[in-house]
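> My questions all concern the structure below.
The values are calculated or read from the model by the stated rules, or taken from the named source; none is laboratory data. What you are looking at is a predicted structure, and each value in this text was computed from that prediction instead of being measured. FYI the Cβ positions are ideal-geometry reconstructions off the backbone, even for glycines, and counts take in every protein chain you see.
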Amino acid sequence: MARTPPLPHTRRERGFEPTGGLLKQQIRRVGESRGFAVARLLTHWPEIAGEDLARVTRPVKVGYGRDGMGATLTLLTTGPMAPMVEMQKERLREKVNATYGYAAISRILLTQTAASGFAEGQAAFAPAPKTAPSPDPAVLAKAAETTAPVKDPALRAALEAMAQNILTRRNPKESA
């Protein structure tokens, strides 16, 4: 009687796998549907464009012409920043082509929109600054008093911050 070959393993037996590896095919499929043959352009946009440009632009689409000679990269930007981005298009095109490894992009088009993006509900370009509530002066005084014997200023500052967190922490039993 012939033995049937064992079924191939559906899981890798190397332990944990990075999330990027698990989602690589889905990311590539979605990226290619929008014209991004190299997903790196989407995932590493701040590194490619630079922090200043990445803060005010987003790559939206790569369109290929009928001739097949060079593609057009469409960038999303806000109206007030469009002239600034326009002046930097050639340098940005060189950086993008360096990512592709050849002169893939021949033109860059700008699409102006509101800061929150298209109707797809995209996030705003820049994150809102975090604002912490001002601590109670009594808590600050108690934390400073508790850490006063510590001589090292860096350690004392860290311990004061920890003491403030402990002193302002809510007790779940009291709120019930």
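> Report, by residue number, each residue of the stretch 99-116 that is more than 21 Å from the chain's Cα centre (by Cα) and small (Gly, Ala, Ser).
Across the stretch 99-116, the qualifying residues are GLY101, ALA103, ALA104, SER106.
> Okay, next question. Residue by residue through the stretch 52-100, note down the ones that are of a type in the set (Lys, Arg) and farther than 14 Å from LEU42 by Cα.
Answer for the stretch 52-100, where residues must be of a type in the set (Lys, Arg) and farther than 14 Å from LEU42 by Cα: ARG66, LYS89, ARG91, ARG93.
> If LYS95 meets every condition in (1) basic (Lys, Arg); (2) assigned to a strand (DSSP E or B); (3) within 22 Å of the chain's Cα centre (by Cα) apart from one, which number is that one?
(2)
> Which count do you get for residues in the stretch 57-83 that are at pLDDT 80 or above and assigned to a loop (DSSP other than H, G, I, E, B)?
Number of matching residues: 3.
> Pairs, please: C-beta under 8 Å, at least 6 apart or cross-chain, first residue farther than 11 Å from ILE48 by Cβ and in the stretch 81-100, second part of a helix (DSSP H, G or I)?
Listed by first residue and then by second, the contacts come to MET81/VAL56; MET84/VAL56; VAL85/LEU53; VAL85/VAL56; VAL85/LEU92; GLN88/LEU53.
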